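Right, one structure below, let's go through it.
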Amino acid sequence: MPPLAGFIVSRAVGNAVVRNVVRRRLRHLVRGHLDRIPEGSLLVVRANPAAGSAGHDELAADLESALGRLLRPASKGRK
């Protein structure tokens, strides 16, 4: 089963037009990363209020950072 992605874009992000633009941008960006996510995974992307005024490049960088942290191998404890 391929990984699935869902998006949460609340009213705090902006009006309906802004929320839909953010959702479309995030959907486009996540589509390019689905091959990195393990089979059968469920990914939920929540847009914070700053996403409404963020540019495409800023959203892409934030998503890349979040996925990098998510997919990084777990450490075995602090040293």
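Only the coordinates and a few stated rules stand behind these numbers; no lab work does. This structure is a prediction, so every number in the text was calculated from the model and none was measured.
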If I fit a long axis through the Cα atoms of helix 56-71 and take the longest principal axis of the Cα atoms of the chain, what angle between them do I get, 0 to 90°, rounded to 10?
30
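Multiply the residue gap between ARG24 and LEU42 by 0.36 nm, knock off their C-alpha separation, and tell me the result in nm, one decimal place. Display every interim value, and only then the final one.
Numbers: separation 18, 0.36 × 18 = 6.48 nm, distance 1.84 nm.
Net length gain for the segment: 4.6 nm.
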